[in-house]
Structures are given as structure tokens and as C-alpha cells.
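Asker: Okay, here's the structure, questions in a sec.
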Amino acid sequence: MSPKNLLVSSSGEDTFVRKLLYNRAALAGLIMLLVLVFIALLGPHIAPYRPDRFVAQPYQPPSASHLFGTDGLGRDVFSQMVYGTSLSLEIGFVSAIGITLLGTSVGIISGYLGRYVDEILMRVVDVLLVIPSIAFMIFVAVILGPGLESILLVIILFGWPPMARMIRSQTLSLREREFVESAIVSGTPKRYILFRMIFPNVINLVIANGILAVIYGIIAEVSLAFLGIASTKSYSWGTVLYNAQNEGAIYHGGLLWILAPGIFIAVTGVAITLIARAIGDITDPRYNALGR
Amino acid sequence: MQESKFITVRDLTVRFESRERTVNAIDNVSISLNRNDRIAVVGESGAGKTTLARCLVGLTRPTSGSILFNGKDIHRGRHSDRKLFRKSVQVIFQDPYDAMNPKQNILDYLSMPLRFLVGNMGRQELRNKCAELLDSVGLQEDLLNKYPHQLSGGQKQRVAIGRALASDPEFLIADEPTSMLDASAAAGILNLLKRLADDREMGYAIVTHNMGVASYTADKILVMYSGKIVEQRGTDALISSPMHPYSSVLLQHAPRSIGVMFESGTAKSNRTGSEPAEVDPWSLSGCRYRKLCDRAISVCEQAFPPLLDTGKEGRVACYNPLKYGQK
Amino acid sequence: MHWGGERTLLELKDLTVTFPSKRGEVTAVDSLTLSIQEGSVFGLAGESGCGKTTTGLALLRMIKPPGVVAGEIDFDGKKIMSMKEEELRKFRWKEVSMIFQGAMSSLNPVKTVASQIADAIMDHSRMTRREAFRIVRELVGKVHLPPDSLNKYPHQLSGGQKQRVVIAMAIALKPKLIIADEPTTALDVVSQDRILNLLREVVRESKSTVLFISHDLSVLSAMCDTIAIMYLGSIAEQGRVEDVLRSPMHPYTEALISSNITLDRRGTSVESIKGYPPVPIQLPRNCRFSDRCQFATDECRNSEPPAVTDGQEHVAYCFHPRKRNAGK
Ligand SMILES: Nc1ncnc2c1ncn2[C@@H]1O[C@H](COP(=O)(O)OP(=O)(O)OP(=O)(O)O)[C@@H](O)[C@H]1O
Ligand SMILES: Nc1ncnc2c1ncn2[C@@H]1O[C@H](COP(=O)(O)OP(=O)(O)OP(=O)(O)O)[C@@H](O)[C@H]1O
Ligand SMILES: [Mg+2]
Ligand SMILES: [Mg+2]
């Protein structure tokens, strides 16, 4: 078997999902993620209190009945976190979908069409990448007004360029491959080459990075909230942090209150990284180097 | 030069510019090919063979000059003319391991030109035609549902030829079709090309660095060095009495049969003699081969020698060529 | 070429390498037995997929799971199969190094030639960076690279030059055995000859032993003292290179030789071996070549062929050997 043989993925073997389930790290990640989704869906049944009820003295330290303590109005922080999980995950997934769609299409189109199309799109990417994004995000969010939609829009707007870059460079190298060139010589239309030949060869990269974009979205929302841009109508991990910040949690010893969003983010982050890395491993051609 | 020739290449130049250097991978080359020509383009790595092949099928755009197909520029003119060109001139590449999309099976791979160049076929018809194509390159129909990684290199190269044949081309361009294959598979591929050319009255141009392959398959040989054609002659004439010093070096390096090698004691002796320093030919003025040439004279420093007729349809670009019979 | 005494440097006994696959166990190397004399160049030939690379990797214990290696490998009095990871680290590169197939196209594109060779040296020895670079400068002269190539990147080198870099890495720690896997296959004929000259020179100078893997018989005939023709993981014929290539006994060897396209074959018809080697999954115990062999009889298809010898050292495994005793 020549080294080239090793590069070939196997099309007659285990399905992607089965391989993922066989991978221990991925399984651990999936279970963690499932627990989070479970919390998000069943939040009202899990949380000990309503998030907006005054249930105790303000600024209570953590205790058995209030795991993360209470906030400045005596509301249970743990319950707020549980309620917030739903919105945070939603923001993560929606922005990941947006980023993936935008990043992938721009990347493929730019890489395949090349010339001035590439030139223009990559200039846009460059600009978006050099702009100090948080500052600009705040600016845009302020203009759009502080709603969930504008937060999502801002996150997606600044989230897709790295993805587009990566997909573009992958597309560029695919375009030079002999199988694409022989398709051109066979009179194959651009559409077919893009969707049937290039896309299937970047899909794994798209999935792995799309999953990572979830955590990007969640963190971006929390960072925005930390800087004072949050949707205050409903609870998210960002709003908890926003409140902690606003109500001076630090001065009242509410350490876990401030850390709570970080803990949840860390768990989500670990879960997602485990899954993304396993996907990377699985789609690494060497993983499939069995027989020909 | 006649306009009605099948393919005419006129003053073709392809320039690649990078930070370190500018290279004319093809440097003012003119050739014309007939429909039934069987030619070989030989030269060492970097001579510009692949670039020429890519130009001939329209994958690389010339920096200047033009390529005419039946008298019409392949990059201009009507869509129908260009489509006819695509159908008539097909290509196979060097690396069979890379010539197929790992995610598509052989049926999909073979049906692409049928769908896009030939057109309008039902599913069953498409399948039958693909099976026919496989048969014409000596493979079985049961390969249709397999994926590229399930095939050996030789089988892949056969499938690639089968695909090139789909549009019933009049001319096939093969860029190093056997350099990645073992001897037996290589012989199979070259025999197949020769047989197909006979059966279908098809011409071909084989790009190779191996004079053995060239002499086995071609009637005419075109020797390239650093983007220039340095010699172009009939195969028998060229291999018996090369005129350009570079052609004779290529001939010395061509593999001989095992018996001959042991007989003449060349098997283990240094076939090249002393180690010549590697030079970047593009950095030289005048003839780019002069640093490596043992026949260089002072004019060689002045300008690249023009490609002059030698009579009998041969051309050579050298100020001090080898005479007939001299090696 | 042969300089050493008649000492066996490497001995393989019943080396078997298998890989699990969905359709069954792939036997890439099948009870391979051979020995290499110190100071000789041993050629391993055969069609693509016959197990040449796998044999080389197995020697270095570099077959990764799920691949399974069985059998014995004796190198210079040491049992390689029972070595621990720590011992293996000292053994690889210092005692046996390998020029990997296609290595020249997988050089690190963002590292200069010098640091690439130096890294290879430091990976396999306790040398400091400075010592390593001193050796690198020596090596570059040895493989005839121009001194200014030290600071160049792979893409600035020609194919032949890249292969010289790879050779420099392989000879850096003066190993006793060099495994050269298809070191010239990707090169044009002119560079091919230059690289062969270089390898010959290196071997003569450092008195190494070489296992030269190639499917190109004319390259092998120019390099080797002894040659083994492999088919589907086991040896079909073996002997001194002149004997095997000039008077082959096995029909497979004969077919391989006559499928070689050379300058003198113009106007003749060169026949390829019909069919393709099957994927080696659960093959019956018979002559592996029988289904492609024009001389095959029922005997060949049903039982394992015997060893036939012709004079010294020349062995073929065949029921119907060709030209036995010819030319003797
Ligand atoms: N896309 C490119 N960009 C820059 N330089 C190029 C490009 N393609 C080819 N070249 C240069 O043009 C010259 C001719 O290259 P070409 O690939 O045509 O040679 P070749 O004769 O086919 O060689 P080989 O035997 O190595 O395939 C080389 O010097 C090469 O470096
Ligand atoms: N990691 C692996 N997993 C499964 N099968 C393998 C693996 N490596 C090699 N094989 C199989 O083992 C057999 C021998 O392969 P090997 O690479 O040793 O052949 P080779 O003689 O070096 O061929 P080539 O001339 O193409 O380099 C082939 O059938 C190959 O498909
Ligand atoms: Mg080329
Ligand atoms: Mg190999």
C-alpha cells in the first residue's frame, strides 16, 4: 500500500455515527452534552426554585439549599443557571448553525471560484478578523438594540470568518487535486463539482468546526453580557454573569455566583471539544487505513 | 504552418512568477499535431512537460500565444466549439491514486463525461455504457460499485483511461501514465493505449521522462528542456542517432533490458560518470543547457539556439549538434 | 559492492504480518524467511502490494496495531521481536534506519533542510542541537547537496535534491543496516541514476548493509548482490542477482523481467502479467501464482510448491521451474 492509499477514506465501512459511539472520548462528550440538553429541556422540573422569585435573604453564601448562593434580590442563582441553560445552549447552537452555513459557503465559493470573487470575499474576512471584535460587537449591538436577535446576529457576524478561511484553504487544495481537474476536462459543471465533489470532502471539517462554534457562541454571549450587553427578558448564563457583575457579587463574597457561568461553560466546552476531537480522529485518514 | 491541422500550438509561453524566481515553464513553443499522431514528449523533471499537456487540454491558460483546435482558439469562440474540443481531446494524469474522488464510486466517476459531454442517457443506459467502457480497458463490470481505494494502481489507471474514452475522443493526452506503476502494470497500460489507438483510430501524446516508454509507444519524439523544445524527430531516427546532446544523455539513462546490462557490464558501473552539479537552467543566458553540455561552444552563451529543420520533418535547437551516427 | 565477511547481519524466520479487515484477515507478509549478509545489498522486488514495505516496517517493529507481527527477527545477535519500547528507541535509526517510500514528498514544508535533518538526529540520539548541526554540515557534503541548500525549504529543492535530504537523514547515525524503500521511484531517469550513484558511494564509504526495496528490476540489477522476488507476501525466488535475473527459474520472475519496457523493446510486444494479484485474504495453501501462471497444473493449484535449487544460493518455489541449470 502506498502512502496515497492511506489517504483514502473508506466508503464501505462502519458509518460515521457508529465510529463515534465506539470512541470513548466521544462517548463521554456525548453523554455530558446529553445531560446539558436534558437540563435545558427539563429546566423547570429540575430547578429547586423559580429563577425570578425572591426565596431567601440577598447575597447568601452557597449552602445545601442554595448551591450557588442567592443574588442581590434573594433569588436562587443555581435555579437561574438551570433555567438559563436552555437559552445559552440555544444561542450556542443557533449561532453555530449560522456560522457554519455562512463560513462554509463563503469558504467553498471563494476557494473554488478564485480570482476576483475570492479577492473580494477574503478582503471582507480580513477586515472582520482585524477589527477588535468585542468592541465592534458592542457597537453593533448598541445600534441594533439589546435583543436576543441582535446578540445572535453580532455573534454570527464576527464568528464566521475563521471558518471561511479554513474551508477556503481546504477547497483550494482540493481544487488542485487531479480528480477535480479530470472532472473539469470531462465537462462537469461547476455546480456539480462544488456540491458533489468538493463539499463531500470538506464535510468532516465542517462538522468538527461547526461543533466547536457552539462553544464559541456560548462564550461570546457571556462575554457580551459581562460587558453589559445582554437580553434581560429571559435567563441565560450570560444574564447570570451580568447580574453578578451589576450587583457587585465580588463585594458580597458571591464567588460561586460569578464562577457559576464559567463552570457550566467549562463543562460544555469539555464535552464539545471531546466530540470535535474524536470526529477529527475518526476522519483522519490514518484511522481508516484498513485494507483497500 | 497549416491552419487545418488538428491541433496547432503557436508561440506558446506559460510563465510562473513567484517571489524567488520567474520561470517560463513553456517558452515560445510552436508545434502542430495531426489527428493520428502518436508522439511522446520527453524531458527530465521541470522541463515543462506537464505544463504543456495541461495547456493542450485547456487546463492552464497560456501567458501568451495560442492553441488552435481545427483552426479555432480553444479559449475563445463559441460554447459549442469548446464543447467539441472537450469531447475530442481527453487527458489522463500521472497519479492514479489521486485521479479519483475518494467519495465517489466507479460508476459515478465513469458517468461524469457521459452525462456532461455526451448527454441525455437514462440510468440503465448509463450503466450499460459504463460497463462497456470498463470492458474496453480490460476490466470487469463488477467494479462499477467499488470505491477507488478498493482498486490497485494499475486498475485505477485503466478506469481513468476508460473515462477518457467515454466521449469518443480523437486524441488522448497522457501525462506520465505509468510512472507510478510497477513494470507489469505499466506494460499493460501502454499496450492498452496502443491497442485503443489502433482500434479507434485515435492519436495520442504520451508525456514521460523515460525514453524506453517513448520509443515503445511513439512514432515521433519531442525532447524538451527547460521549457523549450530542443529536438523533435521520428523515433527511429532519434534513438539511433540523436542530434541534441541532451537527447543523447536521456538515451543513455533509459533503462536497458537486463541481459544487455549484465552483458555490457553497465549494471553496476557508474552510468553517469562524475556527478554534475545541479544548475537552475532558467538562470542561464544563451542556451540553458550549456552548463551541463559537453559540446558547448562560445556561441552557446549568446542566445538560445533556434529550432531549425533538419530535413525529414525533424527539428533541432543546437549550435553544435551531434552528427548522424555519432553518440 | 560486497565488502564484508560471510557474517549474517539480519535473519528473518517465518515473519508474518496480518491486518484485520472487514472481509477477513489480510496476510501482507506470509512466513517470510531470509537472511542478509553483512556488507551486501539485498534487493526485494515484486509487484505493487506484495508486501515489500510491510516487511521493511516490520523489521523496525513499526507495524501499528491492529496489525499483528509474528515470527523471529534476529539482527546482529539481538532478538528484535522481544525488545521493549526503550530498547527499540535505541535500535531504530542508530542500528537500522529507513528511507521511507514517498518520504521526499512528506518533508516538513515549514522547516529548513538543516533543521529537518538535525531534528531527525536529535529525535534518535542524545545529541545537542549544536552537535547535530555539525553533523548536518558534514552530511550535506556527503550527499552532494550544495552548501546553500542548508537554509532552503523543501519546495525550493528539486525532487532529486529532496531525496538527498532524506538519504542524509537515513545515514546520519551511521546505521549498520539501511532499508531503502523505493528511493528512486518518484524521480526522473536522470536523477534516478544520480541517486543510485550516491547510494552506492554512501554504502561503499560507510560499509553499511542495505535492504533495497523496489519494483524496478533494472534499478535492482544495478544495485544489488542478492535479490528476492516476492509475490503475495512470500518469496517466489531468491539468489545472486545475476543468477535470478539472467536465468530465472520461477515463471513469475520470468514474467516480471519480460514485462519491463526498455529502449530495446521498440517494435516488439511487451507482455504484462495477466490479471492482478488478489487481496491476500485466506488464500489456500498452494502456489500463490498459480491462477496467473501459464504453466500452472492441478498440482500447482492444490499443493504448496517445493523449493528447487540451481547451484548455490539460487532457490525458487515452483513445480515447473524454467531454465533450470541453464547457462551453468
Ligand atoms: N503552478 C505552478 N506555479 C509555479 N511554478 C510552476 C507551476 N507549475 C509548474 N511550475 C514550474 O514550471 C516548471 C515546469 O514544470 P512542469 O510541471 O511542467 O515540469 P514537468 O516536465 O512536468 O516535470 P515533472 O517530471 O517533475 O512532472 C518547473 O520549474 C515548475 O517548478
Ligand atoms: N496498515 C495496513 N492495514 C491493512 N492492510 C495493509 C496495511 N498496510 C499494508 N496493507 C496491505 O498489505 C499488503 C502489502 O502492502 P505493502 O504496502 O507492503 O506493499 P508493497 O509491496 O510495498 O507495495 P507498493 O509497491 O505499492 O509500495 C497490501 O495488500 C496492503 O493493502
Ligand atoms: Mg510532470
Ligand atoms: Mg511499498
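Asker: Give the number of residues within the stretch B:179-189 that are more than 7 Å from chain C (Cβ to nearest Cβ) and over 16 Å from residue B:151 (Cα atoms).
Answerer: 1
For every residue, the table says whether it meets (1) within 30 Å of residue C:110 (Cα to Cα); (2) in contact with a strand residue (DSSP E or B) (Cβ under 7 Å, 6 or more places away or on another chain); (3) part of a helix (DSSP H, G or I); (4) more than 9 Å from chain B (Cβ to nearest Cβ).
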| site | (1), (2), (3), (4) |
| --- | --- |
| C:183 | yes, yes, no, yes |
| C:191 | yes, no, yes, no |
| C:195 | yes, no, yes, yes |
| C:222 | no, no, yes, no |
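Yes/no per residue for (1) touching a Lys or Arg at 6+ places or on another chain (Cβ under 8 Å); (2) within 14 Å of another protein chain (Cβ to nearest Cβ):
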position: B:76; (1), (2): no, no
position: B:79; (1), (2): no, yes
position: B:87; (1), (2): no, yes
position: B:94; (1), (2): no, yes
position: B:104; (1), (2): yes, yes
position: B:109; (1), (2): yes, yes
position: B:115; (1), (2): no, yes
position: B:122; (1), (2): no, no
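Asker: Right, next: Pick out the one residue from B:30, B:88, B:18 that is at pLDDT below 90 and more than 16 Å from ligand 2 (Cβ to nearest atom).
Answerer: Result of the check over B:30, B:88, B:18: B:18.
Asker: Going by the structure shown, is residue C:242 open to solvent by 50 Å² or more (accessible area, probe 1.4 Å), more than 30 Å from residue B:235 (Cα to Cα) and part of a helix (DSSP H, G or I)?
Answerer: The answer is yes for residue C:242.
Asker: Can you tell me which condition residue C:114 does not meet? The list is (1) closer than 30 Å to residue C:219 by Cα; (2) loosely packed, with under 15 Cβ neighbours inside 10 Å; (3) more than 14 Å from chain A (Cβ to nearest Cβ), and all the others hold.
Answerer: Going through the list (1) closer than 30 Å to residue C:219 by Cα; (2) loosely packed, with under 15 Cβ neighbours inside 10 Å; (3) more than 14 Å from chain A (Cβ to nearest Cβ), residue C:114 breaks only (2).
Asker: If I go through the stretch A:22-60 residue by residue, how many of them are open to solvent by 60 Å² or more (accessible area, probe 1.4 Å), β-branched (Val, Ile, Thr) and within 28 Å of residue A:207 (Cβ to Cβ)?
Answerer: So the answer is 2.
Asker: Return the only residue of A:4, A:19 being within 14 Å of another protein chain (Cβ to nearest Cβ), assigned to a helix (DSSP H, G or I), open to solvent by less than 70 Å² (accessible area, probe 1.4 Å) and modelled with pLDDT under 75.
Answerer: A:19
Asker: Identify all residues within the stretch C:107-148 that are over 27 Å from the mean Cα position of the chain (by Cα) and either at pLDDT below 85 or not in a helix (DSSP H, G or I) (or both); write none if there are none.
Answerer: Across the stretch C:107-148, the qualifying residues are C:110, C:111, C:112, C:126, C:127, C:128, C:146, C:147, C:148.
Asker: Working carefully through the options A:79, A:63, find the one that is part of a loop (DSSP other than H, G, I, E, B), open to solvent by less than 60 Å² (accessible area, probe 1.4 Å) and either under 17 Å from residue A:262 (Cα atoms) or free of Cβ contacts under 8 Å to residues at least 24 places away in the same chain (or both).
Answerer: The conditions single out A:63.
Asker: Does residue B:192 count as assigned to a helix (DSSP H, G or I), open to solvent by less than 10 Å² (accessible area, probe 1.4 Å), within 10 Å of another protein chain (Cβ to nearest Cβ) and within 25 Å of residue B:33 (Cα to Cα)?
Answerer: yes
Asker: Residue C:133: closer than 15 Å to residue C:178 by Cα, more than 14 Å from chain A (Cβ to nearest Cβ) and more than 16 Å from ligand 2 (Cβ to nearest atom), yes or no?
Answerer: No.
Asker: Residue C:68 fails exactly one of the following numbered conditions: (1) at pLDDT 90 or above; (2) open to solvent by 50 Å² or more (accessible area, probe 1.4 Å); (3) more than 14 Å from every other protein chain (Cβ to nearest Cβ). What is the number of that condition?
Answerer: (3)
Asker: I'm checking my understanding of the structure. Among residues of the stretch A:150-185 that are of a type in the set (Lys, Arg) and more than 11 Å from chain B (Cβ to nearest Cβ), which one is surrounded by the most Cβ atoms within 10 Å (Cβ to Cβ)?
Answerer: So, considering only residues that are of a type in the set (Lys, Arg) and more than 11 Å from chain B (Cβ to nearest Cβ), the one surrounded by the most Cβ atoms within 10 Å (Cβ to Cβ) is A:168.
Asker: Only one of these conditions is not met by residue C:285: (1) more than 14 Å from every other protein chain (Cβ to nearest Cβ); (2) more than 22 Å from residue C:44 (Cβ to Cβ); (3) assigned to a loop (DSSP other than H, G, I, E, B); (4) open to solvent by less than 30 Å² (accessible area, probe 1.4 Å). Which number is it?
Answerer: Result: residue C:285 fails condition (4) only.
Asker: Can you pull out every residue in the stretch B:166-189 that is outside any loop (DSSP other than H, G, I, E, B) and within 16 Å of the chain's Cα centre (by Cα)?
Answerer: Matches in the stretch B:166-189: B:171, B:172, B:173, B:174, B:175, B:186, B:189.
Asker: Further, regarding this structure: Considering only the stretch C:174-188, state which residues are crowded, with 23+ Cβ neighbours inside 10 Å, within 15 Å of ligand 3 (Cβ to nearest atom) and of a type outside the set (Asp, Glu).
Answerer: Hit for the stretch C:174-188 is C:187, nothing else.
Asker: For the stretch C:36-50, check the following and say yes or no: at least one residue is within 16 Å of ligand 2 (Cβ to nearest atom), surrounded by fewer than 19 Cβ atoms within 10 Å (Cβ to Cβ) and in contact (Cβ under 8 Å) with a residue 12 or more places away in the chain.
Answerer: no
The values are calculated or read from the model by the stated rules, or taken from the named source; none is laboratory data. Please read all numbers here as calculations on a predicted model, not as lab measurements. Using ideal geometry, Cβ is built from the backbone for each residue, glycine included, and neighbour counts are taken over all protein chains shown. To get the accessible areas, we keep the full protein, side chains included, count just its heavy atoms, and leave off ligands, DNA and RNA. Shrake-Rupley method; radii C 1.70, N 1.55, O 1.52, S 1.80 Å.
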